[in-house]
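Beneath this line is the structure, given in structure tokens, with notes to follow.
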Amino acid sequence: MSARAPIGQRLKEFEEREIERILGACTRCGKCYEVCPMAQYSKAPASDSKAVVGGVHAVLRGAAGTPEALGWIGVCTRSGVCVPACPENVDPKMMMRLARMTALGGRGLPAQLPVKEDPDYFDRVRAFARLQLSDDELKDWT
Amino acid sequence: MSEHITFWYGCNVLRHGDIIHACLDILRALGYEPEPVGGVDYCCGTVKDANQTAAGGMATRTVGKLNARAAPVVVWCPSCHSHMHDFMARTNDRHFDMTYVVELLHAKRERLGPLLVRELPMRVFVHQHIGFNDLVPVNRMVPELLRLIPGVEVVEADYVAPGYMCASFAAIPRALEDINNNTARSARAAGADAVVTVFHQCYRELVGLDAAGAIPVYNYIHLIARAMGLAYEDEYKAWKRAGEGAAALIGAERIAKVGIQFYERAILPELKKRPKLQKSDPGS
Ligand code: SF4
């Protein structure tokens, strides 16, 4: 019998490789923060763009993030303006997504941002399916 | 012979059965044989940022199910499409070609155009986001598709919202308020008589502008379907407009399918929710 990889193993390994790549390539120039249209909505807007990226790196390493970094991570909604703004081709959108996963405790490290999962999320999807599809469609399409 | 495709519609578009049904008819009219799949069992896992074990499991399961169908996949949901691009396909063995639905409709526009026979005299403002457009240039393609409809005039948009779709702003109410207000204001300033969304996640949010009386709101599929003579009723909009009174439209039999308690706790608040509009907006 072949041994099966634990659930989510390849995803976790990919994320670890990406984090290593990002931490190695990013020079903390802060350009990604400067162009971000969501920074204005942060609970702790930063005046030092280089420092806020340093805080994001701390989160990626599993250390405590600064309030400014966590505030930025909390409002990232993937505009992607940061991607072409980055002079090092880091893909800051990926950096922020991985930081978000980490800060929410998704990578097995202690959560630093409150997890606001909607307990009805999947049941609501099922309920709307029952309201909108016929019994046959429900059986065949979902 | 028509080409078999898997139409992977996603999860939350199940609020809008009319959009799913219209997409299937449009794809059939373009010569495809679409097999729709979606819902919780085909979730991409993008909502599980706080649990990467679950996200990885869901991604592997869904890629496996789509592989097993052995057909090209046409994707409706921008979240599923970008999650497949950014994570799922990089951590699983994907054996199918994948296209975003706007890309496919745009590529087939010479065939689509002659099917759009009903005139829809309206000036529309296309609600756009900054994100996702780098993966699929929907901000150019959707206006180009809408311009194929006789009578439709697309006004120049001077407002592009941050993020990639509205639903991800649920936890950032100040930003969502700005998006609602800026969209309504820009649409009116441009002389538009309706707002058109690209994604269902934006439609679900902005149809609140319609329900509040600020401006009519549609998804682009609604207009393409109407121009083709497809008459699916937009029940979600009717329920949203009715708010508290939606139960009468849905009917006791359907509500019993989801349970009255669940309906009142988890569905009705969404139908009653209205955007916070600034004083100058008529719907405020
Ligand atoms: S991700 Fe790019 S833009 Fe952002 S700080 Fe690092 S190098 Fe600069």
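The values are calculated or read from the model by the stated rules, or taken from the named source; none is laboratory data. No experiment lies behind these values; they were computed from the predicted model shown. So basically every Cβ, Gly included, is an ideal-geometry build from the backbone, and we count neighbours across all protein chains shown.
A:E15 meets all of the listed conditions (1) closer than 19 Å to A:C86 by Cα; (2) within 16 Å of the chain's Cα centre (by Cα); (3) surrounded by 18 or more Cβ atoms within 10 Å (Cβ to Cβ); (4) more than 10 Å from the ligand (Cβ to nearest atom) but one, namely (1). A residue that is in contact with a strand residue (DSSP E or B) (Cβ under 8 Å, 6 or more places away or on another chain), in a helix (DSSP H, G or I) and polar (S, T, N, Q) occurs somewhere in region B:134-143.
For region B:44-82, filtered to residues that are within 13 Å of another protein chain (Cβ to nearest Cβ), touching a strand residue (DSSP E or B) at 6+ places or on another chain (Cβ under 9 Å) and more than 22 Å from B:T197 (Cβ to Cβ), the residue that is surrounded by the fewest Cβ atoms within 10 Å (Cβ to Cβ) is B:K65.
For region A:10-64, filtering for residues that are within 14 Å of another protein chain (Cβ to nearest Cβ), farther than 15 Å from A:A99 by Cβ and among the basic types (K, R) leaves 4. Just one of the numbered conditions (1) more than 22 Å from B:A225 (Cβ to Cβ); (2) of a type in the set (K, R); (3) in contact (Cβ under 8 Å) with a residue 40 or more places away in the chain is not true of B:K108: (1). Can we say B:D18 is within 11 Å of chain A (Cβ to nearest Cβ), part of a loop (DSSP other than H, G, I, E, B) and among the charged types (D, E, K, R)? It is false that B:D18 is within 11 Å of chain A (Cβ to nearest Cβ), part of a loop (DSSP other than H, G, I, E, B) and among the charged types (D, E, K, R).
For the structure I just gave you, tell me whether B:Y9 is surrounded by 22 or more Cβ atoms within 10 Å (Cβ to Cβ) and among the aromatic types (F, W, Y). The answer is yes for B:Y9.
When we screen B:G17, B:G45, B:G38 for residues that are within 22 Å of A:L98 (Cα to Cα), in contact with a Phe, Trp or Tyr (Cβ under 9 Å, 6 or more places away or on another chain) and not assigned by TED's automatic domain parsing to the domain that holds B:V136, the only hit is B:G45.
When the helices (runs of 4 or more DSSP H) confined to region A:43-142 are screened for residues that are within 18 Å of A:E20 (Cα to Cα), those reaching at least 3 such residues are found at A:49-61, A:92-103. Total residues in region A:57-75 satisfying the condition of being touching a Lys or Arg at 6+ places or on another chain (Cβ under 6 Å) and surrounded by fewer than 23 Cβ atoms within 10 Å (Cβ to Cβ): the figure is 1. Of all the residues in region A:44-69, those that are modelled with pLDDT of 95 or more and more than 14 Å from the ligand (Cβ to nearest atom) number 8.
State yes or no: is B:V136 of a type in the set (V, I, T), over 25 Å from A:Q40 (Cα atoms) and in contact with a Ser or Thr (Cβ under 7 Å, 6 or more places away or on another chain)? No: the conditions fail for B:V136.
Residues in region A:19-43 that are away from the ligand (no atom under 13 Å from the Cβ) and in contact (Cβ under 8 Å) with a residue 24 or more places away in the chain: A:P37, A:M38, A:Y41, A:S42, A:K43. Is it the case, given these coordinates, that B:L209 is in contact (Cβ under 8 Å) with a residue 40 or more places away in the chain and surrounded by 22 or more Cβ atoms within 10 Å (Cβ to Cβ)? When the stated conditions are applied, B:L209 passes them.
The numbered conditions (1) touching a Ser or Thr at 6+ places or on another chain (Cβ under 9 Å); (2) within 11 Å of the ligand (Cβ to nearest atom) are all true for A:G8 except (2). Taken over region A:70-118, the criterion of being in contact (Cβ under 8 Å) with a residue 12 or more places away in the chain, within 10 Å of the ligand (Cβ to nearest atom) and at the interface with another protein chain (Cβ under 9 Å from one of its Cβ atoms) is satisfied by A:K93, A:M94.
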